[in-house]
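The values are calculated or read from the model by the stated rules, or taken from the named source; none is laboratory data. Keep in mind the model is a prediction, meaning the values are calculated, not measured. All Cβ positions, even for glycine, are placed from backbone atoms using ideal geometry, and neighbour counts span all protein chains on display. Side chains are part of the model used for accessible areas, which takes the heavy atoms of the whole protein and leaves out ligands, DNA and RNA. Shrake-Rupley method; radii C 1.70, N 1.55, O 1.52, S 1.80 Å.
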Amino acid sequence: MSIISVDKALKYGTNELRMSSIPSARLDAEILISFLLGCNLEKLISNTQYPMTNAQFNKYKKLISKRKKNYPIAYIVGKKEFYGIDFYVNEDVLVPRPETELIVENVINYCRGRKFSAPTRILEIGTGSGCIALTLAKYLPKTKITAVDISEKALKVARYNLRNTQYPISNIRFKKSDLLQNIKSKPDIIVANLPYLTHDELQEPSITKEPRLALYGGKEGLEIYEKLFSQIKERKWDSLSLFLEINPSQKNKIIKIAKKFFPNAVVDIKKDLAKKDRVVIVEI
C-alpha cells in the first residue's frame with residue numbers, strides 16, 4: 001500500500017485552493033486534513049511527515065474539491081465554533097460569524113447590569129443553528145428564552161444542538177414563527193440577526209452555498225427588520241430592548257427606520273472588533 005506524507009498532501013490542497021482563489025487556502029487545507037485524519041491541528045502541523053494512505057489522500061482530494069466550489073469549511077466538517085462553543089451546522093443554516101458574538105456579549109452585559117422583577121424574557125428571532133440563543137442560555141441561566149425561525153429545517157438543527165449541548169440547559173424552547181406571528185406574550189428583550197443582504201451582495205462567491213432565506217433582506221437589505229418594527233408597533237409593545245445585527249453600511253438607514261416607528265426610542269450603535277458598526281440597540 002503506497003503512502004503520501006501529510007506535508008505533500010498539504011501542498012497539494014493549498015495549491016488547489018489558491019488556484020480557485022480561496023483566500024485562506026493554507027489554513028483550509030490544514031483544517032480539512034486534520035478533520036479527515038481525526039487529529040489535533042497543532043499536532044498535525046508539527047508532524048507533517050505523518051503518512052497517509054492512498055485511500056485517505058483520495059478522500060482528502062474530494063474534500064478539497066468541495067471547498068473549491070465554495071462550500072464553507074463549517075459545512076464540510078459539520079461544525080463551527082461560536083463564543084467558544086462548537087455547534088453543528090449544515091446547509092440549512094447560516095454559518096455563525098465571529099462578528100455575531102458581539103450581539104451575545106451586549107445582551108449578556110445588559111442583563112447582568114439590570115435587575116428585573118421576574119426572570120428576563122428573551123426572544124431570539126431567526127435563530128438558525130441556535131448558536132445565539134444557546135449561548136445566551138448558558139451564560140444567562142436565570143432567563144427564559146424563546147428562539148424562533150421561519151424554517152423548520154433550521155429549527156431541526158437548533159434542536160439537535162440543544163440535545164447535544166455539553167452544558168445543562170433548561171431555560172430555552174424553540175418554535176416555528178415568521179417573526180412575531182406565533183408569539184403571544186411580550187418579551188423584555190428581542191435579539192435578531194435577520195437577513196440584511198441586498199441582491200448584489202448575495203453574489204459574493206463565499207456565501208453562495210448558504211441559505212438565501214437566511215441572507216436576503218430585500219432591495220435595501222432592511223425590509224425584514226422594517227417588518228419586525230411594524231409588528232412590534234402594531235402590538236403596542238413598550239419597555240422593550242432590541243439587539244439587532246446589521247451590515248455596517250446600514251447604520252443610518254436602520255436608525256431612520258427605528259425612529260420612524262418609535263420616535264422616542266433611544267438608539268445606540270456598537271462596533272465590532274474591526275471597528276465597524278455592527279450591533280444596533282433600540283430601547284423602546
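Counting each DSSP H run of 4 or more residues in the chain as -39500 (n - 2.57), what helix-only mean residue ellipticity at 222 nm follows after dividing by all residues, to the nearest 500 deg cm²/dmol? Only helices count here, giving -11500 deg cm²/dmol. Surface composition of segment 143-284: carbon and sulfur make up 50 percent of the accessible area, probe 1.4 Å. Accessible surface of residue 212, taken over heavy atoms with a 1.4 Å probe and every protein chain present, rounds to 130 Å². What FRET efficiency do you get for residue 173 and residue 42 if R0 is 51 Å and r is their Cβ-Cβ distance, rounded to the nearest 0.05? Taking R0 as 51 Å, the efficiency between residue 173 and residue 42 is 0.85. Straight-line cross-link partners of residue 236 among the aspartates and glutamates, defined as a Cα under 18 Å from its Cα and at least 8 positions apart when in the same chain: 188, 226, 283.
Listed by chain and number, the lysines placed with their C-alpha closer than 24 angstrom to that of residue 43 are 8, 11, 59, 61, 62, 79, 80; residues fewer than eight positions away on the same chain are left out. Largest accessible area first, the listed residues 46, 170, 24 line up as 170, 46, 24 when surface is computed with a 1.4 Å probe on the assembled protein chains.
If each residue of separation counts as 0.36 nm, what is the full-extension length gain between residue 220 and residue 153 once their alpha-carbon separation is subtracted?
21.5 nm
Would you work out what percent of the accessible area of segment 87-136, with all protein chains in place, is carbon or sulfur (probe 1.4 Å)?
C and S atoms contribute 45 percent here.
At an R0 of 22 angstrom, the distance between the Cβ atoms of residue 139 and residue 186 translates into a FRET efficiency of 0.45.
Remark: spin-label model distance residue 234-residue 114 equals 2.5 nm, labels positioned 7 Å along the Cα→Cβ axis. The length gained by stretching the chain between residue 27 and residue 204 to full extension, at 0.36 nm per residue less their Cα-Cα distance, is 61.7 nm. Computed with a 1.4 Å probe over protein heavy atoms only, the accessible surface of the chain comes to 52 Å² per residue.
Sorting 173, 67, 121 by solvent-accessible area of protein heavy atoms yields 173, 121, 67, largest first, with a 1.4 Å probe. Taking all protein chains as shown and a probe of 1.4 angstrom, residue 19 keeps an accessible surface of around 140 Å².
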